[in-house]
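Let me begin by presenting the structure, written as structure tokens, before commenting on it.
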Amino acid sequence: MYRINVLNLRKRNVFVRFISQFKIQRSDCISKINIQQLRDPKACAIRDKGLVLGVYYNDNVKEESVILTPSAQKYNEACEGKLWKQLKLAPIPRLGEARIFYDLDPQFAYVAVAGLGTECFTFNSLEQLDERKEAIRIAAGTGAKALNALRPTYIHVESFGNAEAAAEGANLAVWQFREYKSILNQNVLPNAKFVLHDNCDVEGWNIGQIKAESQNLARYLQEMPANYLNPTSFAKIAVDLLCELNINVEVKTQGWAASHEMGGFVAIGRSSIQPPLYVEISYYGANELQRPIVLIGKGVTFDSGSLDLKTPKDLKYMKGDMAGAACVLAIIRAASMLKLPVNIRGILPLCELMPNGKTPKFGDLVNSGNGKSILIRLPSREGRLLVADSLVYARNYWPKFIIDIGTMSKELLHTLDGAACGCYTNSEELFCYLELASSQTGDRIWRMPLWKFYEDRIKDTSSADVANTAQHKYGDSPNCAAFLKQFVCDSQWIHLDTYNVAYSKGRDIPYLGRGMTGRPTRTIIEFLFQLIADTKL
């Protein structure tokens with residue numbers, strides 16, 4: 001290969017052309033191309049707003065079996081019938097189904113039409129459920145979840161006739177626990193902001209959003225891994241969330257509990273290197289002299305079963321054994337945000353149960369504040385010991401009534417499954433209000449027996465006054481309620497066993513996905529609403 005010297009070639013009169021000289025020059029014969037100017041900037045704006053509308057479908061009606069909701073009819077007229085034309089091209093969505101349509105109008109990039117089932121839904125006394133409200137939650141949740149996959153910034157949701165239920169369904173359906181997901185993870189969907197569409201019931205919408213956000217807060221706490229959420233970090237979260245709302249939070253140590261003769265709490269708390277804490281929350285929405293409602297939440301941040309070790313299948317859910325405490329925290333926060341005119345005292349005994357040299361053993365005896373001795377027949381039945389001490393302590397506040405919430409007995413999984421949590425109470429009046437509230441929220445309760453039959457079982461011991469469980473294989477949930485009843489005295493009292501509803505596989509309730517549920521947060525909030533409305537508080 002030879003190197004050519006350009007200067008030598010020029011001396012020899014050899015003409016050399018450079019690459020730039022091969023460029024074709026523009027001539028007068030080629031017309032100049034005019035660059036298109038953008039006259040309407042809005043035409044190129046990103047449209048990322050979605051809309052959720054509804055449609056009724058009645059299988060029993062041959063003619064006009066499909067009816068659009070009033071909001072959907074108004075939207076169909078605005079887009080010159082495009083929605084109805086597209087909707088008729090495929091099967092009409094049934095309850096729990098949704099179809100998405102694109103570019104029907106200049107405002108919304110996509111519209112989800114969710115099925116509401118029949119328009120004849122009403123209160124079903126046999127099911128103990130307001131089926132109309134539940135259908136609205138399912139439709140709003142189905143539509144919002146379908147649109148959320150498209151990553152919108154705003155999702156407008158129609159009220160479907162009840163703005164509060166629509167807000168609950170939409171906010172509960174799209175919630176995901178993604179606290180520790182990487183930002184680069186493409187499967188993490190952003191949270192869309194929900195807006196009420198074509199309705200003036202803003203107050204009902206806001207109440208529904210607060211209820212749903214409260215349940216989502218309880219779900220968030222339940223989903224947190226036990227190495228991140230221990231008693232200390234739980235107490236810190238309570239301080240951070242509640243003190244900004246002017247709610248008083250007191251954090252007390254194991255020494256304080258021992259001075260108040262909380263033998264069960266102290267015995268369970270010393271089984272772990274994580275120090276147990278006793279958290280009290282005070283919300284004053286009424287005159288400070290008025291008697292408070294006391295809410296007690298079981299707060300075992302991880303339940304290994306101690307020497308009675310749980311199976312690996314059960315252990316993976318035990319990070320959520322503090323579901324009762326999470327619900328109580330969320331309920332009091334919601335009461336403050338809703339400015340409920342009532343005083344509430346929340347009691348959260350927080351600890352871990354781990355197997356070590358200080359853990360309670362089979363046959364240990366502990367003493368409670370009311371003077372009764374307790375036989376620890378099974379160390380894995382620790383939650384009832386914490387709640388028993390708290391029930392005795394709650395008497396100091398002369399409460400109007402007491403509600404304790406906790407995941408107590410696995411037995412309810414085999415009886416009620418995820419349909420309803422077990423309810424035990426000594427007050428007919430309170431139960432009627434709570435049952436009505438649960439039928440309105442769709443998060444039902446079922447009354448269980450609080451009979452002397454079960455009291456005789458837990459008193460069947462020669463070494464103590466009561467045992468933390470009976471010797472029988474079955475009936476553990478009512479045995480637990482009978483045990484707690486020994487520490488209630490003369491107060492009106494409700495015990496909610498939520499073990500079977502604390503976790504969902506995503507099939508029980510359409511708007512609650514797989515994972516921790518946060519139940520029964522909305523039911524207790526609605527229960528307070530019912531009592532206030534009837535001037536019972």
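The values are calculated or read from the model by the stated rules, or taken from the named source; none is laboratory data. This is a predicted model, so every value here is computed, not measured. Here Cβ is always computed from backbone atoms with ideal geometry, including for glycine, and neighbour counts include all displayed protein chains. Note: accessible area is taken over every heavy atom of the protein model, side chains too, but ligands, DNA and RNA are not part of it. Shrake-Rupley method; radii C 1.70, N 1.55, O 1.52, S 1.80 Å.
For segment 505-526, a residue qualifies if it is among the small types (Gly, Ala, Ser), open to solvent by less than 10 Å² (accessible area, probe 1.4 Å) and part of a loop (DSSP other than H, G, I, E, B), and exactly one does: Gly518. For segment 448-466, the count of residues that are open to solvent by less than 10 Å² (accessible area, probe 1.4 Å) and more than 20 Å from Arg219 (Cα to Cα) is at least one. Of the numbered criteria (1) at pLDDT 95 or above; (2) open to solvent by 40 Å² or more (accessible area, probe 1.4 Å), the one Thr153 fails is (1). When Phe529 is tested against (1) touching a residue at least 40 places away in the same chain (Cβ under 8 Å); (2) open to solvent by less than 50 Å² (accessible area, probe 1.4 Å); (3) in a helix (DSSP H, G or I), exactly one condition is not met: (2). Taken over segment 289-326, the criterion of being more than 19 Å from Pro399 (Cα to Cα), touching a residue at least 60 places away in the same chain (Cβ under 8 Å), basic (Lys, Arg) and surrounded by fewer than 19 Cβ atoms within 10 Å (Cβ to Cβ) is satisfied by Lys310 alone. Taking the stated definitions as given, is Tyr454 at pLDDT 95 or above and touching a His at 6+ places or on another chain (Cβ under 6 Å)? No; evaluated as a whole, the condition is false for this residue.
Any idea how many residues of segment 479-504 are touching a Phe, Trp or Tyr at 6+ places or on another chain (Cβ under 6 Å) and either in a strand (DSSP E or B) or open to solvent by less than 10 Å² (accessible area, probe 1.4 Å) (or both)?
Residues in segment 479-504 being touching a Phe, Trp or Tyr at 6+ places or on another chain (Cβ under 6 Å) and either in a strand (DSSP E or B) or open to solvent by less than 10 Å² (accessible area, probe 1.4 Å) (or both): 5 in total.
Residues in segment 277-288 include at least one that is outside any loop (DSSP other than H, G, I, E, B), acidic (Asp, Glu) and either touching a residue at least 60 places away in the same chain (Cβ under 8 Å) or in the same structural domain as Glu382 (by the TED database) (or both). Sub-9 Å Cβ pairs linking a first residue in segment 359-370 that is among the basic types (Lys, Arg) to a second residue that is in a strand (DSSP E or B), at least 6 apart or interchain, are Lys361/Ile376, ordered by first then second residue.
Per-residue answers, yes or no, for (1) within 23 Å of Arg345 (Cα to Cα); (2) out of contact with any Cys (no Cβ under 7 Å at 6 or more places or on another chain):
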position	(1), (2)
Leu450	no, yes
Lys459	no, yes
Ala470	no, yes
Ala481	yes, yes
Trp493	yes, yes
Thr521	yes, no
Phe527	yes, yes
Gln530	yes, yes
Lys536	yes, yes
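Of the strands (runs of 3 or more DSSP E) lying entirely inside segment 338-392, those carrying at least 1 residues that are open to solvent by less than 10 Å² (accessible area, probe 1.4 Å), under 30 Å from Gly285 (Cα atoms) and in contact with a Lys or Arg (Cβ under 8 Å, 6 or more places away or on another chain) are 343-353. Of the residues Leu126, Leu147, the single one that is hydrophobic (A, V, I, L, M, F, W, C), assigned by the TED database to the domain that holds Leu83 and free of Cβ contacts under 8 Å to residues at least 24 places away in the same chain is Leu126.
Selection of segment 507-537 for residues being within 10 Å of the chain's Cα centre (by Cα) and β-branched (Val, Ile, Thr) yields Thr517, Thr521. Taking Glu382 as the residue in question, decide whether it is of a type in the set (D, E, K, R), more than 13 Å from Gln492 (Cβ to Cβ) and in contact with a Leu (Cβ under 6 Å, 6 or more places away or on another chain). Considered against the rule, which asks whether it is of a type in the set (D, E, K, R), more than 13 Å from Gln492 (Cβ to Cβ) and in contact with a Leu (Cβ under 6 Å, 6 or more places away or on another chain), Glu382 comes out as yes. Here is the figure for segment 461-478: residues that are out of contact with any Asp or Glu (no Cβ under 8 Å at 6 or more places or on another chain) and part of a helix (DSSP H, G or I) total 1. Filtering Thr441, Thr469 for residues that are closer than 23 Å to Met322 by Cα and under 23 Å from the mean Cα position of the chain (by Cα) leaves a single hit, Thr441. Hey, any hits in segment 110-132 for a residue that's part of a helix (DSSP H, G or I) and at pLDDT 95 or above? Scanning segment 110-132 turns up at least one residue that is part of a helix (DSSP H, G or I) and at pLDDT 95 or above.
Out of all the residues in segment 375-391, is one or more of a type in the set (Asp, Glu), farther than 30 Å from Pro275 by Cβ and in contact (Cβ under 8 Å) with a residue 40 or more places away in the chain? Taking every residue of segment 375-391 in turn, none turns out to be of a type in the set (Asp, Glu), farther than 30 Å from Pro275 by Cβ and in contact (Cβ under 8 Å) with a residue 40 or more places away in the chain.
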